[in-house]
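All remarks here apply to the structure that follows.
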Amino acid sequence: MRGRIMNALFTRMQADEHVFFLTADMGINLVEKIQQAFPSRYLNVGIAEQNLIGVSAGLCNVGYRPVVYTISQFLTHRCYEQIRNDVAIHGYPVTLLGTSAGYDNAPLGPTHHIPDDWGALRAIPNIDIYCPSSMAYADGLLERILSQPRAAYVRIPKGSFEQPASADNVVYLPGVLHGPLLISYGSMVQPCLKVQARHQEVAVLVCNRLRPLDEERVGDALRRHPAAWIVEDHFPSSGLYSLLCQFVLEQRLGCRLHSVAPREEYCLTVGGSAEYYHRRYGCDETGIERALWPS
Amino acid sequence: MTLVPAVPAARDLSVRANPREVRKTVLSILYRGKASHLGPSMSVVEMLIAMYSSVDLDLIRAKDPLRPRIIISKGHCAAATYSVMAHVGLLPWPLLETYHQDGSTLAGHVSHGVEYVEHSTGALGHGLSVACGCAIGLRARGAGQASVLVLLGDGEIQEGSVWEALMFARHHRLTSLIPLIDNNRISSITTTSDVIDMRPLKDRFAGFGFQVYEVDGHDVEAIMQAIATIRQRAEMGVVICHTVKGRGVPFAECAPIWHYRSLSDKDYQAALAALGQEAGR
């Protein structure tokens, strides 16, 4: 998915001389093509994420449209104040491309697990949040973002998922009316789709864009189902579960919500893949089925 | 007695702002707004005058995309910044009178909500990175000669992000970027040398590849000369301005509490008297 987004960026940079790419020394075999083609609009700032965001804000000041790339953990938490003060307060349209979502970096340990990134950014106004779930959505994502005059954060999962083959911000895959509804985003949509393939009464709602939430379409889906399970590789207290709890209360929808998400802890036990942690926290296919049918 | 200090009327802009007059303005708006940051405002008066006198204000007024940039990284010297801006004609006097008061756009830290202020600061260690972005962006747009002047505090440079930015600036040879350090030797609650002793400060910047100019930070001509020299030589240069925190107000000079304390009636009268001005005119 990273490659497709970077290809879209390259195409856009060919056509739009305002787009400026920055990396904090990440993206081997991805960024070189941009460096060679657009040397005056390419910057590797080094291992210095605070400076990465500050420089991006300065580029906005002189009229550029920066697109910034590094690992999500460093891109959000390390320079949180720079994002808040230098980007959000100024309303600067910096695009933040963050890789390695959730437990994508599984065996690298808790400093590289990222179950708390977009939830942190959710606390800051003026930043749209995208968690693409498929290649079809990723392909048009950069154009979608750059057509808006706002900052955006993209949580790019590892993988090249063909399904759902839709470029919509919200994708509703129906099950049976009043049956269980799974709501998810990013790579966690895949186990939801597997559960749906085995249990056709299950509906799935895919949220590729988490802010602004498409309240009309999400509300429509929640009205069709008395209970929904929010499946995510993010802490629920700041993730989609929390966001939808607020939404359901404000809209008086009466839908019961359940969280299928990691325990709110930093795990010191090594897992060889993201699936290890999904299993551990009951967010994999089996865990979702257990949550839907506890007996 | 309650005083109603008058903010000075509009100046003849053909004459460079006078430090003593600027200090009176600073005192007036701090007093009227019951605001703090007297000490860090008074130390930078001459630096700000030199910075605004070293750029083409017409380009700034015209909001030319390729204009020179002035970034105030130590945002808590807002009273001095806004006062100097008023004295050079970049900020309306009636607006200045609203400093730190309900409904005003003039907060106690500089804000881009105020016309001609490039960037909002207040949390320290942000301005130099932003200035680097301006400088490299201006160069990419073919305006590499446009100056980017940045005002930093000597306490502020304890922030690690400042050194990230300096390394970046040196690597990319951003010669249009000129950091000016307000070396008043007091950070927040005590002296900088008590907290993080960086003396000799010159060596720190020299070690990062900068030519260092040390000047009397209360000598406008000396500061301007240093800026001009760096420009003329197109070198990586830093200007360390040796200043006195609270300069011009004897009871506030070198006294950390005047980072925080606001002026009472009596303080205001005493401060004005010290500047050779009758109070309550």
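Cβ-Cβ contacts under 6 Å between residues 6 or more apart (or on different chains), taken from a first residue in the range B:156-176 that is on the phi < 0 side of the Ramachandran plot to a second residue that is of a type in the set (Phe, Trp, Tyr), are listed as B:166/B:208; B:170/B:208. Being among the hydroxyl-bearing types (Ser, Thr, Tyr) and in contact (Cβ under 8 Å) with a residue 40 or more places away in the chain is the filter; apply it to the range B:45-80 and report the residue that is surrounded by the fewest Cβ atoms within 10 Å (Cβ to Cβ). Checking each candidate, the answer is B:53. Taking residues in the range A:75-94 that are closer than 14 Å to residue A:154 by Cβ, and partners anywhere that are part of a loop (DSSP other than H, G, I, E, B) and among the polar types (S, T, N, Q), the pairs with Cβ atoms closer than 9 Å and at least 6 places apart or on different chains are A:93/A:148. The single condition among (1) in contact with a strand residue (DSSP E or B) (Cβ under 8 Å, 6 or more places away or on another chain); (2) more than 17 Å from residue A:157 (Cα to Cα); (3) of a type in the set (A, V, I, L, M, F, W, C) that residue A:231 does not satisfy is (2). Within the range B:95-117, being within 14 Å of chain A (Cβ to nearest Cβ) and surrounded by fewer than 23 Cβ atoms within 10 Å (Cβ to Cβ) holds for B:105, B:107, B:109, B:111, B:112, B:113, B:114, B:116. The one condition from (1) crowded, with 16+ Cβ neighbours inside 10 Å; (2) at pLDDT 95 or above that residue A:159 does not meet is (2).
Taking the range A:71-101, which residues are of a type in the set (Ser, Thr, Tyr) and within 14 Å of another protein chain (Cβ to nearest Cβ)? Spell out how you get there, then give the answer.
Quick first cut of the range A:71-101, residues of a type in the set (Ser, Thr, Tyr) only: A:72, A:76, A:80, A:92, A:95, A:99-100.
Within the range A:71-101, A:80, A:92 qualify.
Yes or no: residue A:109 small (Gly, Ala, Ser), crowded, with 18+ Cβ neighbours inside 10 Å and touching a residue at least 24 places away in the same chain (Cβ under 8 Å)?
Working: small (Gly, Ala, Ser): yes; crowded, with 18+ Cβ neighbours inside 10 Å: no; touching a residue at least 24 places away in the same chain (Cβ under 8 Å): yes.
No.
Okay, residues lined up against (1) of a type in the set (Gly, Ala, Ser); (2) closer than 19 Å to residue B:106 by Cα; (3) not in a loop (DSSP other than H, G, I, E, B):
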site	(1), (2), (3)
B:39	yes, yes, yes
B:47	no, no, yes
B:50	yes, no, yes
B:55	no, no, no
B:58	no, no, yes
B:67	no, no, no
B:80	yes, yes, yes
B:84	no, yes, yes
B:90	no, yes, no
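Checked across the range A:23-32, the condition of being more than 14 Å from chain B (Cβ to nearest Cβ) and farther than 30 Å from residue A:271 by Cα holds for at least one residue. Counting only helices (runs of 4 or more DSSP H) wholly contained in the range B:162-274, no element carries 2 or more residues that are touching a strand residue (DSSP E or B) at 6+ places or on another chain (Cβ under 9 Å) and within 14 Å of chain A (Cβ to nearest Cβ).
Scanning the range B:25-44 for residues that are surrounded by fewer than 24 Cβ atoms within 10 Å (Cβ to Cβ) and under 18 Å from residue B:245 (Cβ atoms) turns up B:35, B:36. Suppose the filter is more than 14 Å from chain B (Cβ to nearest Cβ), touching a residue at least 60 places away in the same chain (Cβ under 8 Å) and more than 27 Å from residue B:162 (Cα to Cα); does residue A:37 pass it? No: the conditions fail for residue A:37. Among the residues of the range A:96-138, which ones are in a strand (DSSP E or B) and either under 24 Å from residue A:167 (Cα atoms) or not hydrophobic (A, V, I, L, M, F, W, C) (or both)? Residues satisfying the conditions are A:96, A:97, A:98, A:99, A:102, A:127, A:128, A:129, A:130. Filtered by the rule that a residue be away from chain A (no Cβ under 14 Å) and β-branched (Val, Ile, Thr), the range B:50-79 gives a lone residue, B:55. Restricting attention to the range A:46-70, the residues being in a strand (DSSP E or B) and at the interface with chain B (Cβ under 10 Å from one of its Cβ atoms) number 1.
When you check residue B:165 against the structure, is it within 30 Å of residue A:39 (Cβ to Cβ), surrounded by 24 or more Cβ atoms within 10 Å (Cβ to Cβ) and at pLDDT 95 or above, yes or no? Steps first, answer last, please.
Values: within 30 Å of residue A:39 (Cβ to Cβ): yes; surrounded by 24 or more Cβ atoms within 10 Å (Cβ to Cβ): yes; at pLDDT 95 or above: yes.
Criteria met by residue B:165.
One residue stands out among those in the range B:136-161 that are over 14 Å from residue A:63 (Cβ atoms) and hydrophobic (A, V, I, L, M, F, W, C): the one that is nearest to the other protein chains (Cβ to nearest Cβ), which is B:148.
The values are calculated or read from the model by the stated rules, or taken from the named source; none is laboratory data. Note that the structure is a prediction, hence the values are computed from the model and not measured. As a convention, Cβ positions derive from the backbone with ideal geometry for all residues, glycine included, and neighbour counts pool all protein chains shown.
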